[in-house]
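Input: a single structure, listed below in structure tokens.
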Amino acid sequence: MASEHYDVLVIGSGPGGATTAARVAETGKRVLMLERGDFLPRERDNWDSQAVFGEGKYTADETFYDLHDRPFRPELHYCVGGNSKVYGAALLRLLPADFGEIKHPAGVAPAWPLNYADMEPYYARAEHLFWVHGKHGEDPFAGASSKDYKYPPVEHEPRIQELSAGLEKLGLHPFHLPLGVQLAQDANGQATADSRCIRCDRIDGFPCPLGAKADAEWAVIRPALAAHPNLSLMTRTTVERLLPDAGGRSVTGVAVTLPDGSPGIFTADIVVLSAGAILSAALLLKSATDEHPHGLANSSDLVGRNYMRHNNLALIAFSREPNPTVFQKTLALNDFSGPGEHWQYPMGCIQMLGKSDDWQLKGAAPRGLGWAPSAPYSEVAKHSIDFWLTSEDIPLADSMVTVRPDGRIKLALQPRNNVEGLTRLRRTFQAMLGKLGMVESAFVRSLYLHKAFDAAATAHQAGTARFGTDARASVLDVRCKAHDLDNLYVVDSSFMPSVGAVNPTLTIIANALRVGDHIAERIGTTQ
Ligand SMILES: Cc1cc2nc3c(=O)[nH]c(=O)nc-3n(C[C@H](O)[C@H](O)[C@H](O)COP(=O)(O)OP(=O)(O)OC[C@H]3O[C@@H](n4cnc5c(N)ncnc54)[C@H](O)[C@@H]3O)c2cc1C
């Protein structure tokens, strides 16, 4: 059986794993990243709605089971870069209040063991690492920033500029959505010849064949592999179990299935788990031994519990005039993210989405599209304006990942909690549409919501191995090392005790830099 020793092993090449691996590789120590998927092909289908959404061409061929043991296909992507290959690259910081306890009518989103100021320097580094374009200071609800973004915001096209002005007239505070794209611009905001991003309408859900989206492959893995010969990546290599030592206090390495289907073992001084919040929890549970009968790192019985994934809505509204915008995803709004005059509790965040095309509309539209019953979808699409509404969900101990006796994963999502915030956000926003040059009817774009199988919407998964100071009430310590083990770290979104109401990835990257710094200090540098 193949076996090789490294200083640090990293499981998973998504934003969490890739960022930690790249940071730790700066020490000169031998680092190996293990990824079950391959490089995603760069091909015409990358931008084809039918292939991406209709056939799920890049979605993992995976089956999970829901609360009632019904099979479903989760929204996961097994490839170099992980789910960031298809993400929307909206890279927002959590708000300062998100680090404290937040009261919702359905319960409490617990406080983190560190605060915004602790995380701020890592957010600033994460924004530079993932090419974020934006403007600090525009959003009055955001926390202070120690550094400007490296790149100016992606400018609004005229219809979105109009929308921004309309929102301001209503007394709101729209800001440029921070976006991870490779967009070189001249002083007039025009893309220059060396820009990879062509500001097309294919961003949410689509891989970018131009390498113009700041996914983990293009922003981190490719540059890090080129810069550090001590960093290696093995693709098509699935980690099956973590291997604890005889005393059960540390991990010696991992058992894998190699690309040719044969078993292998890699050993390491330090193991970093970043397979995504669902699969990291499942790996810990699958690695049970006599010393760890309920799974590795699970003396708290919290591994797999408190699964969160946000309450989300993709809302398609319709502009009275045609909306010729191509790159629509440039605006966001945090006015409803805290308690206020609209409601005594937080509702959530509103952002633009990439523009729906006729194929997507056809899949999402209710029968007899109210406002334009006979118009062909290509005509209807010319009027659509797409929004993404997110409100916080609350960690529940029995919303959880478990491994069934047949080895399959069960994702027991309890009926959605805290939906009142999202319902109110939708109503509040929909009531404004008329004043913003839109018709007041809107409908939900089902592509992200998996109407048939709610549990399949795993894009913002988090919380299954929360960090904290009390080993009885958390799985990881404040540095994201397992309380129970001396050399196992978890750096995907599993560590989050609560998720706020913004997309999670910038926080995953910032935290991965924080943990990466700690590991680098722990192992020292090669002379
Ligand atoms: C359609 C879509 C749109 C999104 N848009 C946004 C957005 O605009 N902004 C935002 O912040 N977030 C967005 N997200 C969420 C974002 O993609 C995730 O937050 C992010 O990718 C999580 O990073 P990660 O490193 O924790 O895990 P992942 O990206 O899930 O990476 C985990 C990696 O581990 C690998 N792996 C799993 N198990 C094993 C194993 N046993 N052995 C070896 N390798 C393994 C997987 O193949 C994968 O590559 C979106 C997600 C989707 C699906």
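Values as computed for the structure displayed
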read-out	value
Ranked by how many other beta carbons lie within 10 Å on average, peptides 206-214, 283-291 from highest	206-214, 283-291
For the chain: accessible area per residue (Å², 1.4 Å)	38
Relative contact order [Cα under 8 Å, 6+ residues apart], the stretch 1-135, whole percent	18
Relative packing of 104-117, 349-362, which averages over residues the other C-beta atoms within 10 Å, highest first	349-362, 104-117
Mean separation of Cα contacts under 8 Å (6+ apart) over length of the chain, as relative contact order %	23
Average projection area in nm² (convex hull over Cα atoms of the chain, one quarter of hull surface)	23.7
Only Lys, Arg (+1) and Asp, Glu (-1) charged, at Cβ; the stretch 379-527 dipole about Cα centre in debye	340
Acute angle (nearest 10 degrees) that the helix 277-286 long axis makes with the longest principal axis of the chain, alpha-carbon atoms	20
Between the stretch 287-350 and the stretch 99-129, the Cα center-to-center distance that results, in Å	14
In sequence order, calculated HN-Hα J values of the stretch 495-509 (Karplus, 6.51, -1.76, 1.60; Hz; x Gly/Pro)	6, 6, x, 8, 10, x, 10, 10, 3, x, 5, 4, 5, 4, 5
I265 long-range amide H proximity, modeled H, under 5 Å	A2, S3, E4, V256
Normalised contact order of the stretch 150-267, rounded percent, pairs of Cα under 8 Å and 6 or more residues apart	13
Eligible lysines near K103 by straight Cα distance, threshold 25 Å, same-chain separation 8 or greater	none
Proximal lysines to K481, defined as alpha-carbon separation beneath 21 angstrom and excluding residues fewer than eight positions away on the same chain	K29, K286
Highest average packing first - 309-315, 322-328, Cβ atoms within 10 Å	309-315, 322-328
Vicinal HN-Hα couplings computed from phi for the stretch 248-260 (Karplus, 6.51 cos²θ - 1.76 cosθ + 1.60; Hz; Gly/Pro x)	x, 9, 8, 10, 8, x, 9, 9, 10, 9, 7, x, 8
The stretch 412-431 and the stretch 177-192: distance between their alpha carbon centers, rounded to Å	34
With every protein chain in place, the chain: carbon and sulfur % of accessible area (1.4 Å)	51
Two-site label geometry, A227 and V419: point separation in nm, points 7 Å out along Cα→Cβ	4.6
Virtual paramagnetic centre 7 Å along Cα→Cβ of L172, amide N under 19 Å, in the stretch 126-141	135, 137-141
Overall form of the stretch 378-418 per C-alpha gyration tensor (a/c, 1.5; a/b vs b/c)	oblate
For the stretch 92-192, size of Cβ-based charge dipole, Lys and Arg +1, Asp and Glu -1, in debye	100
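The values are calculated or read from the model by the stated rules, or taken from the named source; none is laboratory data. Source: prediction; values computed, not measured. Because the Cβ atoms are built from the backbone with ideal geometry, glycine has one as well, and the counts that use them run over all protein chains shown. The accessibility values were calculated without ligands, DNA or RNA, using every heavy atom of the protein model including side chains. Shrake-Rupley method; radii C 1.70, N 1.55, O 1.52, S 1.80 Å.
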